[in-house]
1. Between GLU171 and ALA243, what is 0.36 nm times their sequence separation minus the Cα-Cα distance? Round to one decimal in nm.
2. Measure off 7 Å from each Cα along the Cα-to-Cβ vector at ASP99 and LYS264, then give the distance between these two points in nanometres to one decimal.
3. Out of ALA89, ILE4, LEU105, whose Cα points farthest toward the positive end of the dipole of the chain (charges: +1 Lys, Arg; -1 Asp, Glu; placed on Cβ)?
4. Between LYS202 and ARG2, how high is the FRET efficiency from 1/(1 + (r/R0)^6) when r is the Cβ-Cβ distance and R₀ = 35 Å? Nearest 0.05.
5. THR64 versus ARG24, label points 7 Å from Cα toward the beta carbon: distance in nm?
6. In what sequence do PHE61, PHE80 fall when counting other Cβ within 10 Å, fewest first?
7. By the gyration tensor of its Cα atoms, with a ≥ b ≥ c the square roots of the eigenvalues, what is the shape of region 1-138: rounded for a/c under 1.5, prolate for a/b over b/c, or oblate?
8. Please name which of GLY194, GLY75, VAL174 has its Cα lying farthest along the dipole of the chain towards the positive end, using unit charges on Cβ (Lys, Arg +1; Asp, Glu -1) and the Cα centre as origin.
Amino acid sequence: MRKIDLLQAPFLKEMVATTTNLYRLGWDERNGGNISYLLTEEEVLPFLDIQQVIRRIPMIFDATQLIGKYFIVTGSGKYFKNVIDDPAANLGVVRIASDGRTLELLWGLENDAVPTSELPSHLMSHIARLEVDPENRVIMHNHATHLLAMTFTHELDEKSFTRTLWQMCTECLVVFPDGVSIIPWIVPGTNEIGEATAAKMKEARLVMWPYHGVYGAGKDMDEVFGLIETAEKAAQVYTYVQAQGGVKQTITDENLWKLARAFKVEPRLGYLTE
Ligand code: 13P
Ligand code: ZN
């Protein structure tokens, strides 16, 4: 059957629009940031001959739980600003091979490009999130400026960091009731940082990498983008609040509880006083 040009695929258009938007916001300088988007076979079939493997790419970790799954991913060392002009050079569609340790390239990553160096963190996070939410499909990493800055100035205690963000915008508790988790500083691109991130992803959809950036997870691109955008906005407000001389008054825990009840969300256990 004749295939439709993959550049017409809705998931490709989403990746292009999102990377462009992230670059515009300044959260993905140079090659900073990466995205992986879990696709169903039905989604890729109109565009790809799934028997045609262009290249096999070894991985440094075991993704057995994702065997046969399809992802569109950003390439390693690729600049988000360039994705719109040349998606096939900067993005790739891959499938996890039956050994769990090889990627089968089905489209893109032209000129011997490889998927993001953060693939261990992405795929391990997909595994962790899928256990909690079978609808989870997107993992996004970027260098959101104010969140990153906060890892230098705010104590790196998950509860305290989360509470500060919840207090900066009334919407925050509603958007990320599970809060923000934080891992220690670890060398990026390693299995170690992947394992630490994935462990945190079991309890929260936002994970901070101190002095580096943020990870977000969710069921679609808009949800994950909106999640990081909301936390980043709160971090920006925090920056202004600090610059204006610090907090004089804030949203009380009593009010945060009222908010949680009104929007039917469950704040992370123990993060608000009863
Ligand atoms: P990649 O270019 O390999 O995706 O790495 C970018 C990055 O942000 C590393 O943390
Ligand atoms: Zn990074």
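Read-outs throughout are calculated quantities, based only on the coordinates presented, and are distinct from any laboratory measurement. In this text, all values refer to a predicted model and were calculated from it rather than measured experimentally. Every residue, glycine as well, gets a Cβ built from its backbone with ideal geometry; the counts of neighbours run over all protein chains shown.
1. Details: separation 72, 0.36 × 72 = 25.92 nm, distance 2.20 nm.
Answer, rounded to one decimal: 23.7 nm.
2. In this crude spin-label approximation the distance works out to 4.9 nm.
3. The residue sitting farthest along the positive end of the dipole is ALA89.
4. On the way: r = 43 Å, r/R0 = 1.23.
The formula returns an efficiency of 0.20 here.
5. Going by the 7 Å Cα→Cβ label model, 4.5 nm.
6. Details: PHE61 16, PHE80 26.
Neighbour counts put them in this order, fewest first: PHE61, PHE80.
7. Rounded.
8. VAL174
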